Every structure is written in structure tokens, then in C-alpha cells.
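*Asks:* One structure coming up, written as C-alpha cells, with questions to follow.
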Amino acid sequence: MFHEKLTFARNKLVGVEYPRENLFIAHGVLDDDIYSMELDVEVEAPHFEIVRINGVMKRITTPECWKAIPKLQNAVGLSLADEDFTSKVNRRVGREGCRHFATLLLECCDTILRAATLREAETGGDLEDEELHRRQAEKMTLLHKDCLAYSTPK
Amino acid sequence: MVLFYSRNKHASVTDREDGSLLVKAQVEETCFAAQVEMIVSLPDLEITSVKAKVSRMMCEQCAEALPLVNKVAGLKVGPGIIKIINGLVGGSKGCPRLAELLLECCDQPILRFTVGPIAEVLAMPTEEEQMEGHREFLRRNPRLADNCVAFAEGSLIREGVEL
């Protein structure tokens, strides 16, 4: 009975709002068998800089984990376009604070970059496909999110 | 205001009857959807098989990256796996999204085997016993030292723990 039950599950959910030109607000939730936490992150374009961040821990494992909450402020001022953005977050928010907060922050920021790409596509409606693809490719390369699709001429 | 973009990522582990683990990760977001499934053998944590599917993509070239996931079979989950998978599947000749899902899968076996020891500590009846339980957990897993604020120098958990 129940021999097919999950022995671990992790859910990450991120929603991004675009309340005004050049401002992206992400709300992220990480919930798994061990941890549960939430983040609110605000990022301003065109430099994709983190301007505000707040987080709460809903389920943690040690009485020391809460000390990671103030360390979230180490992310303010970081730009998603920095080549070493991921390692900076892993060090300043993760290693100095909480690895799971860092994981969730990276998820929020990556989702914001996807939202920005979509925004670019929607505002470029009057462009030819080729020109739009070129512009998106330029932006993704700038954001160090290069991939097969963006490095291939359309 | 309505939501502009959403991402929902789910990863899970199931213990198989032959002693291996079935690990799945899937993402459903506004402009992309994909699933990765792998079997991980124990105790060596070798990825013995992997398959992936991209159901919705940003542009049609994305599908060309799909065969790259086969390169991951035979790798062992452990130190260096991030760089290896990003090199084999991500980057400008691949798909960083698929690489992320594969890495999501690689995290799950570790977390799956962390649940039991953590649950044991948290089931201890007093705060003092739990604290000692965390210290013992750190002694058994010294790689966790300085991994986060809870196991950093100066934390209560580090008191009396010689590594």
C-alpha cells in the first residue's frame, strides 16, 4: 500500500507583475518537505538592478535559520546583468544566509528576465521577426542568458 | 493589476522497487513548458537514464537542444555536476532551461535523504536535545560547516563542535 508515494517534493512558484514601465515585481514561494519560504523582489530595468527585497521563513529546521532574513538585503544593488550575478547571490544571500533563500531569489530573478523578454516581444510588434529576434538575442547575451535559439540566426 | 508572467516548477522523488530513485522536474510558465525525468541508482547516485520533453517553447529552435539531455546519462550526482551539466546541455549551443531542470533533478536525491535525519532531530522533545541533534548532524556532515548562517562560525550549533 502506498509503495508509489513521493519521498520528496519541492514546489517553486513565481509570479511577476509589471506595474509600470521598467519595474518588475516578483513574488516567489518555495515549499518542500523540509523548507517553506517566500520572497518579494523588485527589479528596475534597464539595468535590471534589485532595488527592494523582503522575505519570510514559514518552515525552517534550526533556531539559527531566521538570522538569514537580514542577509537578503545583501542582494540590493546587484544587477541581474552582472556576469557573476549567480555566484554573488549564492555567496551573499546563500552562504552568508540561507541556501534556500538564494535558490528562490535566483528563481525569481530568472523569471523576471523571462518576463522582460516577453515584454520586449510584445512591444516590438511592428518589427519584422528577424529584427525582433536580433534585438532579443542582443538582450539575452547582455544578460548572460545566451542559448542555442538566440545564438542561431532566425 | 493582473499577473504579467508566471512560473510553476515542481520536482519530486519516488523510491523504486529495485532500490533506485525516479526523479522528475517540470516547469510550466507563460512562455515555456518542459519535463525532465531521470533514474538515479543508489548508493552511487549515477544517472542511469534520462528523458525530456519540451511542450511549449520560446521559439522553434529550442527543440533542437532536446537530444543534448542524453549526454547526462552515466554522470554521477556529486561535486562538479553543475559545471558538467551546464557545459553539456546549457550555454550558447544548448538550452540553459533544460540544464536548469536537470540540475533541479540532481538536487532532489540529496534533499530526499536529508528529510529523515532532519525529522529525527525535530522530533526530539526538548530544545536542548534538538540543538544537540543539530550539532550531531553537523558532525556527521562536516561539509555543511559555513554552508549557511546556521552552520557558520559563531552560531549556537557550532558551539562545542570540532570539525
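*Asks:* For residues in the range A:71-120 being open to solvent by 50 Å² or more (accessible area, probe 1.4 Å) and polar (S, T, N, Q), which is farthest from the other protein chains (Cβ to nearest Cβ)?
*Replies:* Out of the qualifying residues, it is A:73.
*Asks:* Related question: Checking the conditions here, which among A:30, A:23 is more than 7 Å from every other protein chain (Cβ to nearest Cβ), open to solvent by less than 20 Å² (accessible area, probe 1.4 Å) and in contact with an Asp or Glu (Cβ under 7 Å, 6 or more places away or on another chain)?
*Replies:* Values: A:30 fails: in contact with an Asp or Glu (Cβ under 7 Å, 6 or more places away or on another chain).
The match here is A:23.
*Asks:* Sticking with this one: I'd like to check something: does the range B:25-34 contain any residue that is over 20 Å from residue A:12 (Cβ atoms), touching a residue at least 12 places away in the same chain (Cβ under 8 Å) and in contact with a helix residue (DSSP H, G or I) (Cβ under 8 Å, 6 or more places away or on another chain)?
*Replies:* No - not one qualifying residue is present in the range B:25-34.
*Asks:* Given (1) within 10 Å of chain B (Cβ to nearest Cβ); (2) crowded, with 17+ Cβ neighbours inside 10 Å, identify the lone condition not met by residue A:5.
*Replies:* Of everything listed in (1) within 10 Å of chain B (Cβ to nearest Cβ); (2) crowded, with 17+ Cβ neighbours inside 10 Å, residue A:5 misses just condition (2).
*Asks:* Still on this structure: For the range B:1-81, please list each of the strands (runs of 3 or more DSSP E) lying entirely inside it that holds at least 1 residues being open to solvent by 30 Å² or more (accessible area, probe 1.4 Å) and within 11 Å of chain A (Cβ to nearest Cβ). Can you show your working first?
*Replies:* Working: elements: B:5-15, B:21-29, B:32-40, B:47-56.
The strands (runs of 3 or more DSSP E) meeting that bar are B:5-15, B:21-29.
*Asks:* Next question, about the same structure. Within the set of pairs 6 or more residues apart or between chains, which connect a residue that is in contact (Cβ under 8 Å) with a residue 24 or more places away in the chain and at the interface with chain A (Cβ under 9 Å from one of its Cβ atoms) inside the range B:101-118 to a residue that is part of a helix (DSSP H, G or I) and surrounded by 20 or more Cβ atoms within 10 Å (Cβ to Cβ) with Cβ atoms less than 9 Å apart?
*Replies:* From the range B:101-118, the pairs are B:107/A:103.
*Asks:* Give the range B:90-99 a look and list any residue that's touching a strand residue (DSSP E or B) at 6+ places or on another chain (Cβ under 9 Å) and assigned to a loop (DSSP other than H, G, I, E, B), or say none.
*Replies:* B:95, the sole residue that qualifies.
The values are calculated or read from the model by the stated rules, or taken from the named source; none is laboratory data. Note that the structure is a prediction, hence the values are computed from the model and not measured. As a convention, Cβ positions derive from the backbone with ideal geometry for all residues, glycine included, and neighbour counts pool all protein chains shown. Ligands, DNA and RNA are excluded from the accessible area calculation, which covers all protein heavy atoms including side chains. Shrake-Rupley method; radii C 1.70, N 1.55, O 1.52, S 1.80 Å.
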